[in-house]
Amino acid sequence: MNVEKKFLKAIKDFNLINPDDKIIVAYSTGIDSSVLTYLLLKFKNYLNIKELALAYL
């Protein structure tokens with residue numbers, strides 16, 4: 001299973017994101033926050049995310 005499928009499965013299994021959620025990512029330019037940001041942007045419409053913001057730390 002690739003990282004995108006694992007990401008979507010975890011969101012579904014643990015009910016992490018609900019339709020119309022507003023999400024902020026604490027972005028540090030590290031690989032983990034970069035991948036998280038990439039995945040959230042890629043699946044923003046699919047997950048019905050209303051707003052996505054980054055906070056650079």
*For the range 21-45, which residues satisfy the criterion of being of a type in the set (Val, Ile, Thr), modelled with pLDDT of 95 or more and either loosely packed, with under 13 Cβ neighbours inside 10 Å or not in a strand (DSSP E or B) (or both)?*
24, 31, 35, 37
_If the requirement is being within 10 Å of the chain's Cα centre (by Cα) and among the hydrophobic types (A, V, I, L, M, F, W, C), which of these qualifies: 35, 3?_
35
*Are any of the residues in the range 2-16 assigned to a loop (DSSP other than H, G, I, E, B) and touching a residue at least 24 places away in the same chain (Cβ under 8 Å)?*
no
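The values are calculated or read from the model by the stated rules, or taken from the named source; none is laboratory data. Keep in mind that what you see is a predicted model, and the values were worked out from it rather than measured. Ideal geometry is used to build each Cβ from the backbone, glycine not excepted, and the neighbour counts take in all protein chains shown.
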